[in-house]
1. Is the range A:224-237 home to any residue that is within 14 Å of chain B (Cβ to nearest Cβ), over 30 Å from B:Ala148 (Cα atoms) and modelled with pLDDT of 90 or more?
2. Does the range A:159-167 include one or more residues that are under 21 Å from A:Thr88 (Cβ atoms), free of Cβ contacts under 8 Å to residues at least 24 places away in the same chain and within 14 Å of another protein chain (Cβ to nearest Cβ)?
3. Pairs needed: first member in the range B:24-38, of a type in the set (Lys, Arg); second member anywhere, surrounded by fewer than 17 Cβ atoms within 10 Å (Cβ to Cβ); C-beta distance under 8 Å; at least 6 residues apart or different chains.
4. From the list B:Leu99, B:Leu120, which residue is in contact with a Lys or Arg (Cβ under 9 Å, 6 or more places away or on another chain), more than 13 Å from chain A (Cβ to nearest Cβ) and over 30 Å from B:Leu23 (Cα atoms)?
5. Quick one: is A:Leu179 under 30 Å from B:Gln81 (Cβ atoms), crowded, with 23+ Cβ neighbours inside 10 Å and either out of contact with any Lys or Arg (no Cβ under 6 Å at 6 or more places or on another chain) or outside the structural domain of A:Gly63 (by TED's automatic domain parsing) (or both)?
6. Which one of A:Ala84, A:Ala107 is surrounded by 12 or more Cβ atoms within 10 Å (Cβ to Cβ) and either touching a Ser or Thr at 6+ places or on another chain (Cβ under 7 Å) or over 28 Å from A:Glu227 (Cα atoms) (or both)?
7. Scan the range B:74-94 for residues that are more than 10 Å from every other protein chain (Cβ to nearest Cβ) and touching a helix residue (DSSP H, G or I) at 6+ places or on another chain (Cβ under 8 Å) and report the count.
8. Where the second residue is surrounded by fewer than 16 Cβ atoms within 10 Å (Cβ to Cβ) and modelled with pLDDT under 90 and the first is over 24 Å from B:Gln154 (Cβ atoms) and more than 7 Å from chain B (Cβ to nearest Cβ) and lies in the range A:170-199, which pairs have Cβ atoms under 7 Å and are six or more apart or on separate chains?
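The values are calculated or read from the model by the stated rules, or taken from the named source; none is laboratory data. Predicted model, so just to flag it, every value in this text is computed and none were measured. Here Cβ is always computed from backbone atoms with ideal geometry, including for glycine, and neighbour counts include all displayed protein chains.
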Amino acid sequence: MDTGHRRVGDQPWVRRTLIGIALLVAMFMLVIPVVVIFAEAFSAGWSTFAGNVTDEYTVHAIGLTLFVAALTVPLNLVFGTALAWSVTRFRFPGRKLLITLIDIPFAVSPVIAGLLYLLLYGRNGWLGGWLASHDVQLMFSWPGIVMVTVFVTCPFVARELIPLMQQQGSEEEEAGVVLGASGWRIFRKITLPNIKWALIYGVVLTNARAVGEFGAVSVVSGNVRGETNTLPLHVELLYQDYNVVGAFASASLLAAIAMLTLVVKAFVEWRQSRPIVSTPEKEVS
Amino acid sequence: MSITIDQISKTFGRFHALRDVALDIPEGKLTALLGPSGSGKTTLLRIIAGLESSDSGRILFGGEDVSNLHVRDRNIGFVFQHYALFRHLTVAENIAFGLESLPRKQRPSKAEIRQRVEKLLEMIQLPQLADRYPAQLSGGQKQRVALARALATQPRILLLDEPFGALDAKVRKDLRRWLRALHDEFHFTSIFVTHDQEEALELSDQVVVMSQGQVEQVNTPTELYAKPESRFVFDFLGHVNVLSGAVKNQKLVQGDAWVSLPGNRSEQEAQLYLRPHEVHLARAPSVHARLPLRIDAVSLIGSEVRIELVPEGWHSEEIWEIGMSHNEFAQQNPSRGELWFAVPDVGHLFSGDNSQPKTVDWLYVEAANACNM
């Protein structure tokens, strides 16, 4: 630049080195592993891949994973929205604490979360004994998997909504209620359109995590093939059986879901950042 | 519909937002709640609307207790400070929102709603903007849309929170006039909150001055300006020039400055309050006052010339302001840096702890003296 006003990063060698390092790291840490997944999955040919993916246990794992996500996402959608609404629209004692508590699942290692649930709801756990005497088994079956997945993914929606709803304030909702609208009508016509894209973003993230969760699920699932095996657990099982191609075939499915998530996420981010058209007209009086 | 505010109190934690506020808002009048920020005026407005609940006291609309009536059922129009237009709805949809929210039995047909919206758009002179979104409007346009939206359900009470606060001076004046005209045409009972005394005095039929959660004074703008009942109201309504000193020998004295107070035999601390128009400037002190001041600035903009002065040989917390007509200014030609003397014609004396002022009229005293001679 010939303005004579140079910042540190303006020097070409600094810029080139930094960009070079970033590219190199991204290449070896991110791109190559993903490419390897697909390369390995298809290494024994298309038909083997198809065979691996349509394997009875793999199909069941896919089904269970999608089933868990299908339960988790709506649950956390409702929970996250209700939580964000309550902490941004009302003032009550313990509100700040609640906002902090939302982050517990982020702070706690998923394996610990799984163990906690096992200790609490397992056969020898505090509540598990009582549940077992009533013939309810939560751990080592799908309800347990859903429970830990809900736990691990519950901050995503609320975390997306809280800053946005704080920034938007409650004036529009107050305007709605003064105009005589019912609570449901206000939510549907005013709140929901305002938070729509953040909500979708939160759902996409929740879904991605619900599908890919390994640690917590592995503790409570019991790894019964064809019964309580989710796709990430299935990948590990296959790998331990020395069925590397099969493991990579299943892994490639997860990778595909992840990439789809990224595309949706990028689109939603683009929509969110787009302001509602603003071309103020000259004052007409 | 008249509004009665009966002993309303409200605290936020330890902060007393309102203390036993009692007030009557007459039907069909435009009332201003005027006060500095933190005086409780917005809280009071929100309690009247039902957006906030009071700790104690009652709100009555036309004699009927509405304290426990939900804001939804109070049928009031409310204009928010930042308009709070629904950003995802068009101007027409915003205005129609209240009508569409009516219970099915009272809700007009779709065609009727469309007609009503068109009428309202004409009333706010923006029919061409029906399909715009709020982000595409200027501040003044948003304000009018907010008004139309509030009036769509034909409320009998209209509440406005700092309605012109966020607008520039020119638009503000236009809108003020327009709101006044609108009010005179439809005669709903309106209350608006403002911290701008000029706005309150110009626009309203009745002004309620509030301070620290309490009502200081209620009166018509003219009476309020002419007869403030406390130092606070005096200070708050426009500029005031103050001479504070001690009364001795029927004179209020401080440093080189004094003003005669004929008939005042008490000897105590006192403050003399003078409005800019109650004082004139002279080259020499008069028989009843000696107030030396140096000219600091001259402002020619407006219908009157405003002169700012600094005390010379005595002290005042704020600068003095004296107004004179352009004609007078051309004759006397006071300019910056010159020493002049302020001559009060009428003043208001607060003595000791007395919160009520005593009016002193030197013109009258002089006339009486002249007659006696």
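1. Narrowing the range A:224-237 to residues within 14 Å of chain B (Cβ to nearest Cβ): none.
Checked against the condition, which is being within 14 Å of chain B (Cβ to nearest Cβ), over 30 Å from B:Ala148 (Cα atoms) and modelled with pLDDT of 90 or more, the range A:224-237 yields no hits at all.
2. If we filter the range A:159-167 for residues that are under 21 Å from A:Thr88 (Cβ atoms), which is where we start, we get A:159-167.
Cutting the leftovers down to free of Cβ contacts under 8 Å to residues at least 24 places away in the same chain gives us A:163, A:167.
Subsequent filtering for residues that are within 14 Å of another protein chain (Cβ to nearest Cβ) retains A:167.
Scanning the range A:159-167 turns up at least one residue that is under 21 Å from A:Thr88 (Cβ atoms), free of Cβ contacts under 8 Å to residues at least 24 places away in the same chain and within 14 Å of another protein chain (Cβ to nearest Cβ).
3. B:Lys29/B:Asp205
4. Values: B:Leu99 fails: more than 13 Å from chain A (Cβ to nearest Cβ).
Answer to the selection: B:Leu120.
5. Values: under 30 Å from B:Gln81 (Cβ atoms): yes; crowded, with 23+ Cβ neighbours inside 10 Å: yes; either out of contact with any Lys or Arg (no Cβ under 6 Å at 6 or more places or on another chain) or outside the structural domain of A:Gly63 (by TED's automatic domain parsing) (or both): yes.
The answer is yes for A:Leu179.
6. Values: A:Ala107 fails: surrounded by 12 or more Cβ atoms within 10 Å (Cβ to Cβ).
After ruling out the rest, the residue left standing is A:Ala84.
7. Narrowing the range B:74-94 to residues more than 10 Å from every other protein chain (Cβ to nearest Cβ): B:90-92.
Filter once more, keeping what is touching a helix residue (DSSP H, G or I) at 6+ places or on another chain (Cβ under 8 Å): B:91-92.
Residues meeting the conditions: 2.
8. Close Cβ pairs satisfying both conditions: A:Ser170/A:Arg89; A:Trp197/A:Arg271; A:Trp197/A:Gln272; A:Ala198/A:Gln272.
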